[in-house]
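Read-outs throughout are calculated quantities, based only on the coordinates presented, and are distinct from any laboratory measurement. No experiment lies behind these values; they were computed from the predicted model shown. Don't worry about glycine lacking a Cβ; one is built from the backbone with ideal geometry, like all the others, and counts go over all protein chains shown.
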Amino acid sequence: MTENLFSNPAAVKAAAPLATRLRPRTLEEVVGQRHILAEGKLLWRAIKADRISSIILYGPPGTGKTSLAEVIANATQSKFERLSGVESNVADIRRVIASAVNRLANTGQKTILFIDEIHRFNKAQQDVLLPDVENGNVRLIGATTHNPFFYVNSPLVSRSQVFQLKSLTSAEIKTLLERGLKELKCRADEDALDFLATACDGDARKALNSLEIGALTTESGRITKAVAEESIQKKAVVYDGDQDEHYDTISAFIKSMRGSDPDAALYWLAKMVVAGEDPRFIARRICILAAEDIGLADPQALVLSVAAHHAVEFIGWPEGELVLAEATVYCATAPKSNASAKGVWSAKADVESGRTLAVPDHLKDTHYQGAARLGHGKGYKYAHDYEGHVVAQEHLPEKKKYYEPSDQGFEVRVKERMEKWKQLLKK
């Protein structure tokens, strides 16, 4: 008769994926996250002192959120209860909390309630947790790949310490891979380990699962680079179309162009292209940068950016990336000036915060009958009738200065022209 797998813990462990079998049991076994787990850091101190209350672990997949929650439960000798933000409901939450209250009252043992993908809970589900988190009936550990300040209810975030986990470095991943080789009792070439450590993009789970696939599918018991490449298959770029990676990457792209770094700008562009970002979104952001950060230092930048937007519309992928690359390099290497942007921001601030200025009578509309009787247009001077096509005439009822041309590119000529006008008006 076949042995029941679930009655044999050793069999259960052997059947689990390698990443699960290698989960750390103590703080000392945790690889990476030294920015929050190094000796003396806040989370390290809280765990060692058994002063964990409610925390939210936020970071990319495969960075050890679940593993860290289990380590905390072990270190604090707490009962570990796990719920899923996808599958669990309010009844499940209430059942776990009731057990935790009973356990605390009868044995004094505390309960850690780990909720994976806590951002998936709706407001009602998150609100159910609040009273018991606040009075200490359970110690909540929420895990999410989404920014909790956007995707988790504010009352729950305000009652929790938020710790951001970072993608593991290649060296840290390699440490885990070497542990995996011992568990699997196999060998791997150095270049195979280097490849896996790099290609997994800081995702420990992906690296270990790829190592296990390689070990199980090679007869020689030796994992070469070729085997490693087949095991991990195509690299998946960490990128969420409407969340942190989306906004962080476009921010880096814009700031690289603004900082006149074409190499960095092209890298962030490539990341968005590979991840499948909407090319129209990228093109729109280039147009905005051309107007805001280049301005009149090179007016051609906006013309080229708008042309790139139109070109991408009718070319599409993959050739559209060539158009965006040209616009990216042009804008990154163009002279920079935000003088016109600063001008309108300053003018807007005056309009929004100060008294609205009235249009002077001599500038008012005169196209309708009766305008002259109201004094509209009286005294207006037609600029083209004067030398240099400029005239000494007030166009605002109060003296204001919003536009200050820079010493960059074409704006130098604008500055010279404005200075010439100033001299003419002095006459």
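At each listed q (0.16 Å⁻¹), what is the log10 of I(q)/I(0) that the Debye formula gives for region 23-111 modelled as equal alpha-carbon point scatterers?
Each listed q corresponds, in turn, to -0.73.
Once all Cα-Cα distances of region 357-426 are split into 5 Å bins that start at 0, what whole-number percent is in each one?
Cα pair-distance distribution for region 357-426, in percent: 3, 14, 16, 19, 18, 13, 8, 5, 2, 0.
Which one is right for this structure if percent of Cα pairs over 32 Å apart is calculated from it: (i) 31; (ii) 60; (iii) 46?
(ii)
Hey, could you grab the Kirkwood Rh for region 91-222? Inverse mean 1/r over distinct alpha carbon pairs, Å, one decimal.
Value: 17.8 Å, from the Cα pair sum.
At what distance in angstrom do the alpha carbon centres of region 352-427 and region 112-135 lie from each other?
Each part's Cα centre sits 61 Å from the other's.
Can you list the lysines whose alpha carbon sits under 22 Å from that of LYS174, skipping same-chain ones fewer than 8 residues off?
LYS65, LYS166, LYS182, LYS185, LYS206, LYS225, LYS234, LYS235
Would you list ARG355, ARG285, ARG205 from fewest to most Cβ contacts within 10 Å? Don't skip to the answer; put the middle values down first.
Working: ARG355 8, ARG285 17, ARG205 20.
Listing ARG355, ARG285, ARG205 from fewest to most nearby Cβ atoms yields ARG355, ARG285, ARG205.
At a Förster radius of 51 Å, what calculated FRET efficiency corresponds to the Cβ-Cβ distance of VAL303 and ASP127, to the nearest 0.05?
Once rounded, the FRET efficiency stands at 0.45.
Using the Kirkwood radius over Cα pairs, work out the Stokes-Einstein diffusion coefficient for region 124-200 at 10 °C and 1.306 mPa s, in µm²/s as a whole number.
On the way: Rh = 15.8 Å.
Reported coefficient: 101 µm²/s.
Please give me, ordered by residue number, the GluC sites (Glu not before Pro) of region 49-142 that lie in loop per DSSP and have at most 10 other Cβ atoms within 10 Å.
GLU87
For region 170-232, I need the span (max minus min coordinate) of the C-alpha atoms along each principal axis, in Å, sorted largest to smallest.
Rounded to whole Å, the extents work out to 28, 21, 18 Å.
With equal scatterers on the alpha carbons only and no solvent term, can you work out the Debye log10 of I(q)/I(0) for region 33-164 at 0.20, 0.22 1/Å?
Taking Cα atoms of region 33-164 as identical point scatterers yields -1.20, -1.46.
Could you state the principal axis extents of the C-alpha atoms in region 112-159, from the largest down, to the nearest angstrom?
Largest first, region 112-159 extends 26, 18, 17 Å along its Cα principal axes.
Quick one: which residues, 5 or more positions from GLY377 or on another chain, have an amide H under 5 Å from its amide H? H modelled 1.01 Å from N in the peptide plane, none for Pro or chain starts.
Distant-sequence amide H within range of GLY377: HIS362, LEU363, LYS364.
Stick to the Cα atoms of region 273-348, pair each with every other, and give me the Kirkwood hydrodynamic radius in Å at one decimal.
Evaluated over region 273-348, this radius sits at 12.7 Å.
Considering the Cα trace of region 221-376, what is its radius of gyration and what is Dmax, both in angstroms?
Rg then Dmax for region 221-376, in Å: 23.6, 99.
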